[in-house]
Every structure is written in structure tokens, then in C-alpha cells.
Amino acid sequence: MKIYTKDEAAKYLKISMTSLDDLLATGAIFSGKIGRQVIICEPHLDEYVIRIIQEQTEQRREAFQSGRKVHIVTAVGEVRKSRKDKPVLPELRAA
């Protein structure tokens, strides 16, 4: 069984360290601490990836069957939006 540091785990998942910290803080990925080092076992990373893929696949299937637009919820709970959904900033008025 391979054991990863936080930095190695973030690279393995191809996510930022901030995103990994969020996943660890919420318990989405199991981790432990030995001495000063946070460690994550490879099977836990793999389980997380498989779980996310299964959830997103189910979301796409449900959206397809209901005929609605697909909005995939990312790993850290943010909704991925299309380019059309960019927020419109209010116009500034002179005082």
C-alpha cells in the first residue's frame, strides 16, 4: 500500500492543495497524521475518485432521462457552469 503526503495526494488527484484541504477537512477523503505529517493511503484516494465518478455519472443519467440540462457538481461542491452562465456585474454610477 502506497502512502502519500498532502502534496503528493494533490498531484495524484490533479487538484490544488486548497481543494485537497477542503476534502480532508470535510472527511471526503480519509487521512491521518503521523508526527507532523498528514498522510493519505492510495486506496482512500482511489475510493474517493471512484465515488465521485459514480455520483457524476448518476447525475448525468438522471438529467438525460428527465431532459434537463446537466450541471455537474464538482468534488468540492461547486457547480461547474457553462460559459453562458457568467455573472453579470452591475453598472457603476457616478456619485
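Every read-out reported here was derived from the displayed coordinates using simple, explicitly stated rules and does not represent laboratory data. Owing to the predicted nature of the structure, the values given are computational and were not obtained by experimental measurement. Ideal geometry is used to build each Cβ from the backbone, glycine not excepted, and the neighbour counts take in all protein chains shown.
Do we find a residue being among the charged types (D, E, K, R) and surrounded by 16 or more Cβ atoms within 10 Å (Cβ to Cβ) anywhere in the stretch 1-20? Yes, because at least one residue in the stretch 1-20 is among the charged types (D, E, K, R) and surrounded by 16 or more Cβ atoms within 10 Å (Cβ to Cβ). Taken over the stretch 25-70, the criterion of being surrounded by 11 or more Cβ atoms within 10 Å (Cβ to Cβ) and of a type in the set (Phe, Trp, Tyr) is satisfied by PHE30, TYR48.
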